[in-house]
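No value in this document is a laboratory result; all are computed from the given coordinates. Model, not experiment: these values are computed from the prediction. Cβ: placed from backbone, ideal geometry, glycine included. Neighbour counts: every protein chain shown.
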Amino acid sequence: MTEQIRIGVIGLGPMGLKHARSVAENPAAQLAAVATRRAEVGREMTAQYGCRVYDDYRALLQDDTLDAVVIASATRDHPEHIIAAAHARKAIFTEKPTALTLEDADRVVAAVTEQNVPCMVGFMRRFDAAYAAAKKTIDSGEIGVPISFRAVSRDPIWPAHENDDPRVSGGFWLDMGVHDFDLARWLMGQEVKRVYATGSTLVYPALKAFDDMDNGIAVLTYENDALGSAELSRSARYGYDIRTEVLGSEGGVWIGSLQQTPLRVLTKTGVRHDVYPWYLERFDAAFRNEINAFIAALRAGQRDLSPGVHDARAALAIALAVKSSWQTGQVVPVRGAIRR
């Protein structure tokens, strides 16, 4: 394919704006249209990129000049938007998670499958250089058989705006934790069969009204009895702290660094360095890489994209089981786990 892939973006929050910029910067693609209810933002996008602006996502999907769409709307709207895009026969890149319930996730899988449209899900950590290198190392057998997974995901704050309302985003385990649960499957090459979780609301009392929390730990047991854990926090005041470890029978991999700039200042008062302030900085390259991979796959005529809607459903199933365990205090089996 020699022509540019013409792409529309639905939703222009922080992630929609980042994805739109990535599309516009890719010479193999054209940012042709955006859908937003914020007229001022729409005018700014037209001025900057020359794209068409729609105030309704359905009007954008009716635009026959578009080859693909990027869905960066609120999570609770993802099923509706993905299914509509599939029926409009657009290739799809969608932010995670694809749904807030397994029933809606299954509807998404069915629509994408029945309409036979390419669909990639935004698990951007898979496109981070360190995580990609770790996956390659694990798959090579260099560290032996993976036997233990550990994830640490600590946000510096709970950004209490509309899209971070747990009723909109899915909250602590579904919105924040789903990245770690995707990594738990992807890096280990195994499915999770049961979980146990505990958590508390220690810093943001307002979250109690949403039946949500700001600190929690999940314990994972895999189908081959390998072990895993995920520690999540919304109160790492020192910065954005994302780390992952996989232990194998012959070695291990450690992924992640708190330090953003490769500079340490050493004085008689101590040693200091900077930190990543937020996810937009830590995974800046990964966000670009996943959009570039999506565009490259479409240009190559690929239809079975990865990570896809089945991966999204599997990660959501773990997240929902973890949330249920936290609510009930019981060990919970993962519902409908994929069998490899």
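Could you work out how much longer the chain between residue 4 and residue 302 gets when fully extended? Use 0.36 nm per residue separation minus the Cα distance between them, nm to one decimal. It would help to have the intermediate numbers written out before the result.
Numbers: separation 298, 0.36 × 298 = 107.28 nm, distance 1.56 nm.
Between residue 4 and residue 302, full extension yields 105.7 nm more.
How much length would be gained if the chain were fully extended between residue 106 and residue 281, taking 0.36 nm per residue of separation minus their Cα-Cα distance, in nm to one decimal? Write out the running numbers ahead of the final one.
Numbers: separation 175, 0.36 × 175 = 63.00 nm, distance 3.28 nm.
That pair, residue 106 and residue 281, stretches by 59.7 nm at full extension.
With charges only on Cβ, +1 for K and R and -1 for D and E, what is the dipole size of the chain about its Cα centre, in debye, rounded to 20? Before the final figure, lay out each step's value.
Numbers: 39 positive and 42 negative charges, 89 e Å.
For the chain, the charge dipole is close to 420 debye.
Determine, for each peptide in 48-56, 13-21, 87-95, the mean count of other beta carbons within 10 angstrom over its residues, then list the peptides with the highest first.
Working: 48-56: 16.0, 13-21: 19.9, 87-95: 21.4.
Most protected by this proxy first, the peptides run 87-95, 13-21, 48-56.
Calculate for the chain the 222 nm mean residue ellipticity that helices alone would give, adding -39,500 (n - 2.57) per DSSP H run of length 4 or more and normalising by residue count, nearest 500 deg cm²/dmol.
On the way: 11 runs with 119 residues, N = 340.
Using -39500 (n - 2.57) per qualifying helix, the result is -10500 deg cm²/dmol.
So what J values fall out for segment 85-101 if you push phi through Karplus, 6.51 cos²θ - 1.76 cosθ + 1.60 with θ = phi - 60°, rounded to Hz, Gly and Pro as x?
5, 4, 5, 7, 6, 9, 5, 10, 10, 10, 5, 8, x, 6, 6, 10, 9
Counting only residues 5 or more places away or on other chains, whose amide H sits under 5 Å from the amide H of residue 52 once H atoms are built in the peptide plane?
Residues meeting the amide H criterion: 33, 34.
If I model a spin label at residue 113 and residue 40 as a point 7 Å from the Cα along the Cα→Cβ vector, what separation in nanometres do I get?
4.5
Using only the Cα atoms, what convex hull volume per residue in Å³ does segment 145-238 have? Don't jump to the answer; show the numbers that get you there.
Details: hull volume 8.8 nm³, N = 94.
Spelled out: Cα convex hull of segment 145-238, divided by residues, is 94 Å³.
So what are segment 1-97's ellipsoid semi-axes, whole angstrom, largest first, if each one is the square root of 5 times an eigenvalue of the alpha-carbon gyration tensor?
Values: eigenvalues 61, 53, 31 Å².
In descending order, the three semi-axes are 18, 16, 12 Å.
In square nanometres, what is the average projected area of the Cα convex hull of segment 73-133? Please list the in-between numbers first.
Details: hull surface 17.8 nm².
In nm², the orientation-averaged hull projection of segment 73-133 is 4.5.
Rounded, prolate or oblate: pick one for segment 89-180, where a ≥ b ≥ c are the square roots of the eigenvalues of its C-alpha gyration tensor, a/c under 1.5 means rounded, and failing that, prolate if a/b is larger than b/c, else oblate. Don't jump to the answer; show the numbers that get you there.
Details: a/c = 2.16, a/b = 1.20, b/c = 1.79.
Here segment 89-180 falls in the oblate category.
Just want the answer: with Cβ charges of +1 for Lys and Arg and -1 for Asp and Glu, which residue in 227, 258, 269 is farthest toward the dipole's positive end in the chain?
269
So for each of 267-280, 102-115 I average, over its residues, the number of other beta carbons within 10 Å; can you give me the resulting order with the highest mean first? Please list the in-between numbers first.
Details: 267-280: 12.1, 102-115: 17.4.
Answer by packing, highest mean first, reads 102-115, 267-280.
Please state the charge dipole magnitude for segment 87-200, taken about the Cα centre, from unit charges on C-beta atoms (+1 on K and R, -1 on D and E), reported in debye and rounded to the nearest 20.
Details: 14 positive and 16 negative charges, 68 e Å.
With Lys and Arg at +1 and Asp and Glu at -1, about 320 debye.
Ignoring solvent entirely, what values of log10 I(q)/I(0) come out of the Debye formula for segment 183-235 at 0.15, 0.20, 0.26 Å⁻¹ when each Cα is a single scatterer?
-0.50, -0.71, -0.91
Mind putting together the pair-distance distribution for the chain? All Cα pairs, 10 Å bins, whole percent per bin, short to long.
Going out from 0 Å in 10 Å bins, the chain shows 6, 25, 33, 25, 10, 1, 0 percent.
So how strong a dipole does segment 52-146 carry about its Cα centre when Lys and Arg Cβ are +1 and Asp and Glu Cβ are -1, to the nearest 20 debye?
Numbers: 11 positive and 15 negative charges, 59 e Å.
Charge dipole of segment 52-146: 280 debye, to the nearest 20.
Suppose R0 equals 25 Å; then what is the FRET efficiency for residue 266 and residue 235 from their Cβ-Cβ distance, rounded to the nearest 0.05? Walk me through the intermediate numbers first.
On the way: r = 29 Å, r/R0 = 1.15.
Efficiency computed from Cβ-Cβ geometry: 0.30.
What whole number of Å gives the distance from the Cα centroid of segment 1-52 to the Cα centroid of segment 116-186?
After rounding, the separation between the Cα centres reads 25 Å.
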